[in-house]
1. Return the residues of region A:210-223 that are surrounded by 24 or more Cβ atoms within 10 Å (Cβ to Cβ) and facing another protein chain (nearest Cβ under 10 Å); say none if nothing qualifies.
2. Taking B:A46 as the residue in question, decide whether it is among the aliphatic types (A, V, I, L, M), crowded, with 22+ Cβ neighbours inside 10 Å and in a helix (DSSP H, G or I).
3. Inside region B:51-150, counting only helices (runs of 4 or more DSSP H) that do not spill past its ends, which hold 1 or more residues that are of a type in the set (G, A, S) and farther than 18 Å from B:E194 by Cβ?
4. Might you let me know whether region B:211-227 holds any residue that is at the interface with chain A (Cβ under 10 Å from one of its Cβ atoms) and small (G, A, S)?
5. Within region A:129-143, is there a residue that is hydrophobic (A, V, I, L, M, F, W, C), surrounded by fewer than 23 Cβ atoms within 10 Å (Cβ to Cβ) and without any contact (Cβ under 8 Å) to a residue 24 or more places away in the chain?
6. Is it true that some residue in region B:146-156 is closer than 28 Å to A:L240 by Cα and either of a type in the set (A, V, I, L, M) or touching a Leu at 6+ places or on another chain (Cβ under 8 Å) (or both)?
7. Starting from residues that are among the small types (G, A, S), more than 14 Å from every other protein chain (Cβ to nearest Cβ) and surrounded by 13 or more Cβ atoms within 10 Å (Cβ to Cβ), keep the ones in region B:72-88 and report whichever is farthest from the chain's Cα centre (by Cα).
8. Could you list all residues from region A:77-103 that are within 28 Å of A:I224 (Cβ to Cβ) and modelled with pLDDT of 90 or more?
Amino acid sequence: MMKRGWIWRVLDVLLVCLALVVFWQVVCWAVGTQVLPSPFQTIRHTVVLLGRARFQIDLLATAQAYVISLVLASAGGILIGILSGGWRGINDQVEPVMLVLIATPKVMLYPIILLFFGLGEPAKVAFGVLHGLPPVVIMTANALRSIRPIYRKAALTLRLSGRVYAQHVLVPAIFPELVASFRVCFALTLLGVLVGEMFASSRGLGHLLMASIGANDQPTILTITLILFVFAGAGSSILLMFSRRTK
Amino acid sequence: MPARRRRGLGVLVTAIVALEIICRAGLVRPTDLVPPSQMVVAMVVALGDHATRMDLLSTLTSVALSVLIATVLGVLAGIVLHALPRVRRACEPFIASYYALPLFALYPVLVVIFGIGPQPIIFTGVMYAMMSVVIATLSGLDHIPRVFYKAGKVQRLGWPAITMRILLPAAATDILGGISLAVSYAFVAVIASEFLLAPEGIGRAIADAYTTFQIRRMYGLMLLTILIVVSINMALRSFHKRLGQAVL
């Protein structure tokens, strides 16, 4: 019974995908294939591009920068979040900075990042971390602060050591929020790395996107967008499923 | 002033003074970073410039229109998705992954369709801002107790009246939270679009200042933008908080 429900759900999602493709095709007919290549043309161009060595190098450069940024943003975010959630004095200084960073359009800061990191890998990693880190800090600190006091009291009653308390009480209590913050970080870091590549790099999908904008190469623009849409959509959906299971 | 706020202000002032000393002592190149005092002067000078004020007006108009359109469309989409649970479930993976997508990558395509001007910028702003309103509307409608619907039916109200007079006011706090996020997203989209390709706007002005090596002006414009965005955000956050307290 449950399996049938799951199949219906997948079919519903596929129907939404189909509706989006039909909408894309209709817009394509309305504005012309020179302006907006059709879904079929885009998929064909994707296959061609994926076979090209230059495109594979760009794809690899983005993947590499993304993995480094994701590790730095999530690990750094959790560390600062723990410090911020555990000590009020640190939180008073850290939280306003993180809230300002979240609200600021970070793309505007690219000249500063370029000036300090130069053109290349460090700049795009910095952009990725700048986008992904603040929400992890805020969510981790909030998770720590909202732990029910009874957990701490129970740990004290049972005379648990600091390590055992962290391992068996603290981490399981904040784990769902950590997974949720990783999901947000996954999405925002990808955006940050791409923005970094668009403005502060000479390699990667973002740089190729910028070059395609300059050359008015619509098929490549849509191919890169499609690849990113599929990757971000699939990744976020898997993390969403995992996030729901941990609750 | 509470002690916590005084301490926070103290740290901020110390950081600004330290930055001023570092820059004045020549520890960083003036082409990389200018002292905060010069940033403030550059900001005031930029504000005195008519062209910059027009750029600022253009950006703020684009953001305001984006938020307005995104609010109307987002609330409507939220109501429709809430009324159709099966469609909502099918759309959930797209809603969850929406903000991972670099939507402004589509901006050049929009420029070809609409031409260079405010339309593609506003369109990108709406795309970015709308989903936070949809999510907030859904969340707000989910939290409404069943008795509100029953009260509407007892009063023999039709669905439009129930939506306008009961559901939307009851979900107003959540929707406002979504709108304050939408403002941030609209700023991001509008300024990113202006950076990419636009005839005017504060993003364009910052990019121009950078490419023409007017580093002081660049920092002044950045400071101005950050101050505006953070002030709007804080005002909305405080209004949201007060509205939440009033409802509770």
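The values are calculated or read from the model by the stated rules, or taken from the named source; none is laboratory data. Computed from a prediction, not measured in an experiment: that's the story for all the values here. No Cβ is skipped: glycine too gets one built from the backbone with ideal geometry, and neighbour counts run over all protein chains shown.
1. Kept after step one, since they are surrounded by 24 or more Cβ atoms within 10 Å (Cβ to Cβ), are these residues of region A:210-223: A:221-223.
Across region A:210-223, the qualifying residues are A:I221, A:L222.
2. Working: among the aliphatic types (A, V, I, L, M): yes; crowded, with 22+ Cβ neighbours inside 10 Å: yes; in a helix (DSSP H, G or I): yes.
Yes; evaluated as a whole, the condition is true for this residue.
3. Qualifying helices (runs of 4 or more DSSP H): B:85-97, B:118-142.
4. So far as region B:211-227 goes, no, none of its residues is at the interface with chain A (Cβ under 10 Å from one of its Cβ atoms) and small (G, A, S).
5. The answer is no; no qualifying residue exists.
6. Within region B:146-156, not a single residue is closer than 28 Å to A:L240 by Cα and either of a type in the set (A, V, I, L, M) or touching a Leu at 6+ places or on another chain (Cβ under 8 Å) (or both).
7. Among those residues, the one meeting the criterion is B:G78.
8. A:G77
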